[in-house]
Amino acid sequence: MNKKEEFNKILKDIKSIKIQGARNIAKKALYAYSLIPNKISKKRLLSSRPTEPMMEKVLNLAEKKNFREIQEHFEKAQNKINSEVFKLIKNKDIIFTHCHSTNVINALIYAKTKGKKFEVYNTETRPLFQGRKTARQLRKAGIKVTMFVDSALGVALEGRQKNQKPNKVFLGADALLKKGIINKIGSNIIANIALDNKIPVYIIADSWKFTKKQIPIEQRNLNEVWDKAPKNIKIKNPAFEFVPKKYLRAIVSELGTLKYESFLRKI
Ligand code: RUB
């Protein structure tokens, strides 16, 4: 494959969600940009997933800085996040998560390899089922996983018996904003139900996802929801939603485990 073909393949994989999650997208976009570093390729990459400020951050940096230096940030930040999440997890925890977040999954796997005993509840995350990817990766690492259909997330969070009720929610984020965060559609209702059930919600996210800009919510292809749907049926397929900061216990980033206001001051 020549550079142009490789660039186009990455772009296609980002658009189709084969490469997904803010961190993976930003990492791969940086690599793709290194193949063809010009304004047009930057523009094409940025328009592939509109709700991804981390991708914009790394591509802006790539115009001025050395690629390797930027690349190193991902691992360094993840290591710090891992040690912060390790401190949060207690033995016998049931941790609820949604969609597929590499920041969350890496931290859970790290905690497991360092001996923490906990289990995970997750959602399948329709329409593209990123929850299956999460379940597979966690299971492969030896973590007990129970997956729920999305519409059962209330049941999952409420837990029929005390020992079945999640006691922490870990969500990733695509964007960290002044007033709250943006993450996969469903995150806001999860945060609401968690609050009603006194379950703390932690956002596990690299601080490079922070932006002062207004971030559009990506509307995805309707065929993802219902391929060849009858005509005259309206379908909505928003990929993400906003979660206000009042629902969040803390943000766990490479800057530490911080209350939202402290995180904002630090960033
Ligand atoms: C993925 C998603 C993830 C965030 C954070 O959505 O909502 O929670 O992107 O992920 P999609 P990470 O599958 O539509 O990209 O921790 O990997 O940056």
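Could you tell me whether the stretch 243-255 includes any residue that is out of contact with any strand residue (DSSP E or B) (no Cβ under 7 Å at 6 or more places or on another chain), more than 30 Å from GLU72 (Cα to Cα) and surrounded by fewer than 18 Cβ atoms within 10 Å (Cβ to Cβ)? Yes. Screening the candidates SER47, SER34 for the property of being surrounded by 15 or more Cβ atoms within 10 Å (Cβ to Cβ) and farther than 26 Å from LEU138 by Cβ yields one hit, SER34. Within the stretch 154-179, being part of a strand (DSSP E or B) and under 11 Å from TYR121 (Cβ atoms) holds for LYS168, VAL169, PHE170. Identify, please: which residue in the stretch 1-30 is touching a residue at least 40 places away in the same chain (Cβ under 8 Å) and not charged (D, E, K, R) and is, among those, farthest from ILE182 (Cα to Cα)? Selected residue: LEU30.
Only one entry of ILE182, ILE217 meets the criterion of being in a strand (DSSP E or B), within 12 Å of the ligand (Cβ to nearest atom) and touching a Phe, Trp or Tyr at 6+ places or on another chain (Cβ under 8 Å), and that entry is ILE182.
Looking at the stretch 119-136 only, could you name the residues that are among the aromatic types (Phe, Trp, Tyr) and part of a strand (DSSP E or B)? Answer for the stretch 119-136, where residues must be among the aromatic types (Phe, Trp, Tyr) and part of a strand (DSSP E or B): just TYR121.
How about the stretch 100-125: which of its residues are touching a residue at least 40 places away in the same chain (Cβ under 8 Å) and not β-branched (Val, Ile, Thr)?
Scanning the stretch 100-125 gives HIS100, SER101, ASN103, ALA107, LEU108, TYR121.
Filter the stretch 192-233 for residues that are among the aromatic types (Phe, Trp, Tyr) and surrounded by fewer than 18 Cβ atoms within 10 Å (Cβ to Cβ) and give the result. Of everything in the stretch 192-233, just one residue is among the aromatic types (Phe, Trp, Tyr) and surrounded by fewer than 18 Cβ atoms within 10 Å (Cβ to Cβ), namely TRP226.
Counting only residues that are polar (S, T, N, Q) and under 18 Å from the mean Cα position of the chain (by Cα), how many does the stretch 38-52 have?
So the answer is 2.
Of the residues examined, PHE96 is one that is crowded, with 20+ Cβ neighbours inside 10 Å and either more than 12 Å from the ligand (Cβ to nearest atom) or among the aromatic types (Phe, Trp, Tyr) (or both).
Here's a check for you: in the stretch 53-78, which residue that is over 28 Å from PRO216 (Cβ atoms) and free of Cβ contacts under 8 Å to residues at least 60 places away in the same chain is farthest from the chain's Cα centre (by Cα)?
Only one residue fits best here, namely ASN66.
The residue that is farthest from the chain's Cα centre (by Cα), counting only those in the stretch 99-126 that are hydroxyl-bearing (Ser, Thr, Tyr) and away from the ligand (no atom under 14 Å from the Cβ), is THR113. Return yes or no: is LYS87 in contact (Cβ under 8 Å) with a residue 12 or more places away in the chain, in a helix (DSSP H, G or I), within 14 Å of the ligand (Cβ to nearest atom) and among the charged types (D, E, K, R)? Answer is no for this residue.
When the stretch 220-247 is filtered for residues that are away from the ligand (no atom under 14 Å from the Cβ), in a loop (DSSP other than H, G, I, E, B) and either within 22 Å of VAL104 (Cα to Cα) or not β-branched (Val, Ile, Thr) (or both), the ones remaining, listed by number, are TRP226, ASP227, LYS228, ALA229, PRO230, LYS231, ASN232, LYS234, LYS236.
Taken together, the values in this text are just the output of simple stated rules run on the coordinates, not laboratory data. Here the structure is a predicted model, which is why all the values come from computation and not from measurement. As a convention, Cβ positions derive from the backbone with ideal geometry for all residues, glycine included, and neighbour counts pool all protein chains shown.
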